[in-house]
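Questions regarding the structure given below will be posed in turn.
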Amino acid sequence: MERDVTQRMREDWDRRARENARYYINDREHEGFDFGLSGCVSVVYLLRPIQDRLRHDMRMLEIGCGIGRMMPFFAGLFAEAHGIDISPSMIEQGRNRLGNHPNVTLHVGDGRTLTGLPDAWFDLVVSFEVFQHIPDRQVIADYVHEAYRVLEPGGIARFLVKTKRWEGQGAEHDTWCGVELGREDLDAWLQRDPWRLEAAHDSDDPTKAWVLLSKPAS
């Protein structure tokens, strides 16, 4: 029997974390100051299109935070910055790295839910270059469902998703070359929970797209 997908994800990402976490988080900019500065660039790229919706008193959550590449910059912008990751090794390294940021909390997750995080608590949920490594579309759908649960009414979610196969990718999806999503997947998310679809559009990378969702205010 094939191992559960979340078990494979945890084992693979724990191995990558022990081998060279920074390389597997950002294989282009992983040495010296490049790694930290890349986190700043990514936060700007992620948040600038929604900056008019943001407030400094927000609680935010990053799904797939790794060792917290972007967390110092989230911490400077928001009242609380939370990250969750399937890899205990990533979280351990992240906690060591971010110990001087009192408003940052990192959580070890189960790889498909946000169990342990309270309902209607966060104002913003994001995921950046993480869903592209998940080999099962149902796992991604479960994360989106859980994001709806933990968002306050009026909260927003912004996700980067993979939409096309990568050059040189093999026939099978794995924990590096994740599944491609299409409009039917987005429609399924909207049928499962009463999200308001704010935007869905291509990113600068032709193999990826952005999705912006909001939880209707009560």
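The values are calculated or read from the model by the stated rules, or taken from the named source; none is laboratory data. Remember, it's a predicted structure, so these values are computed and weren't measured experimentally. Ideal geometry is used to build each Cβ from the backbone, glycine not excepted, and the neighbour counts take in all protein chains shown.
Given the condition over 30 Å from A199 (Cα atoms), surrounded by 13 or more Cβ atoms within 10 Å (Cβ to Cβ), modelled with pLDDT of 95 or more and aliphatic (A, V, I, L, M), answer yes or no: does some residue in the range 5-18 qualify?
There is at least one residue in the range 5-18 that is over 30 Å from A199 (Cα atoms), surrounded by 13 or more Cβ atoms within 10 Å (Cβ to Cβ), modelled with pLDDT of 95 or more and aliphatic (A, V, I, L, M).
Could I ask something else about it? Of these, R55, R69, R18, which one is in contact with a Ser or Thr (Cβ under 9 Å, 6 or more places away or on another chain), in a loop (DSSP other than H, G, I, E, B) and of a type outside the set (V, I, T)? Reasoning before the result, please.
Working: R55 fails: in contact with a Ser or Thr (Cβ under 9 Å, 6 or more places away or on another chain); R18 fails: in a loop (DSSP other than H, G, I, E, B).
Of the residues listed, the single one that is in contact with a Ser or Thr (Cβ under 9 Å, 6 or more places away or on another chain), in a loop (DSSP other than H, G, I, E, B) and of a type outside the set (V, I, T) is R69.
Next question. Could you tell me which of the residues A157, A147, A141 is in contact (Cβ under 8 Å) with a residue 60 or more places away in the chain, of a type in the set (A, V, I, L, M) and either farther than 22 Å from R10 by Cα or surrounded by 15 or more Cβ atoms within 10 Å (Cβ to Cβ) (or both)?
Exactly one of A157, A147, A141 is in contact (Cβ under 8 Å) with a residue 60 or more places away in the chain, of a type in the set (A, V, I, L, M) and either farther than 22 Å from R10 by Cα or surrounded by 15 or more Cβ atoms within 10 Å (Cβ to Cβ) (or both), namely A147.
Among the residues of the range 84-91, is any farther than 21 Å from D185 by Cβ, buried (at least 24 other Cβ atoms within 10 Å of the Cβ), of a type in the set (S, T, N, Q) and at pLDDT 95 or above? So that I can check it myself, show each step before the final result.
Going through the range 84-91, the residues farther than 21 Å from D185 by Cβ turn out to be 84-85, 87-91.
Cutting the leftovers down to buried (at least 24 other Cβ atoms within 10 Å of the Cβ) gives us 84-85, 87, 90.
Adding the requirement that they be of a type in the set (S, T, N, Q) leaves 87.
Remaining after also requiring at pLDDT 95 or above: 87.
Yes, some residue in the range 84-91 is farther than 21 Å from D185 by Cβ, buried (at least 24 other Cβ atoms within 10 Å of the Cβ), of a type in the set (S, T, N, Q) and at pLDDT 95 or above.
In this structure, is F74 surrounded by 13 or more Cβ atoms within 10 Å (Cβ to Cβ), in a helix (DSSP H, G or I) and under 14 Å from the mean Cα position of the chain (by Cα)?
yes
Residues that are among the small types (G, A, S): which strands (runs of 3 or more DSSP E) entirely in the range 138-218 hold 3 or more of them?
Ranges flagged: 151-162.
Identify the single condition in (1) of a type in the set (S, T, N, Q); (2) touching a residue at least 12 places away in the same chain (Cβ under 8 Å); (3) more than 13 Å from V161 (Cα to Cα) that Q191 does not satisfy, given that it satisfies every other one.
Against the list (1) of a type in the set (S, T, N, Q); (2) touching a residue at least 12 places away in the same chain (Cβ under 8 Å); (3) more than 13 Å from V161 (Cα to Cα), Q191 comes up short only on (2).
Of the conditions (1) in a helix (DSSP H, G or I); (2) of a type in the set (A, V, I, L, M); (3) crowded, with 19+ Cβ neighbours inside 10 Å, L124 satisfies every one except a single condition; which number is it?
The single condition L124 does not satisfy is (1).
Here is a follow-up. Starting from residues that are in a loop (DSSP other than H, G, I, E, B) and within 19 Å of M90 (Cβ to Cβ), keep the ones in the range 127-137 and report whichever is farthest from the chain's Cα centre (by Cα).
Only one residue tops the list, namely P135.
What about S203, is it in contact (Cβ under 8 Å) with a residue 12 or more places away in the chain, surrounded by fewer than 18 Cβ atoms within 10 Å (Cβ to Cβ) and touching a Phe, Trp or Tyr at 6+ places or on another chain (Cβ under 7 Å)?
Spelling it out, S203 is indeed in contact (Cβ under 8 Å) with a residue 12 or more places away in the chain, surrounded by fewer than 18 Cβ atoms within 10 Å (Cβ to Cβ) and touching a Phe, Trp or Tyr at 6+ places or on another chain (Cβ under 7 Å).
Could you tell me which numbered condition E62 fails, if it satisfies all but one of (1) assigned to a helix (DSSP H, G or I); (2) surrounded by 12 or more Cβ atoms within 10 Å (Cβ to Cβ); (3) not basic (K, R)?
(1)
So, in the range 28-41, of the ones that are under 17 Å from the mean Cα position of the chain (by Cα) and surrounded by fewer than 18 Cβ atoms within 10 Å (Cβ to Cβ), which residue ends up farthest from V161 (Cα to Cα)?
Keep residues of the range 28-41 that are under 17 Å from the mean Cα position of the chain (by Cα), which gives 38-41.
Next cut, surrounded by fewer than 18 Cβ atoms within 10 Å (Cβ to Cβ) only: 40-41.
On the way: C40: 20, V41: 18 Å.
Checking each candidate, the answer is C40.
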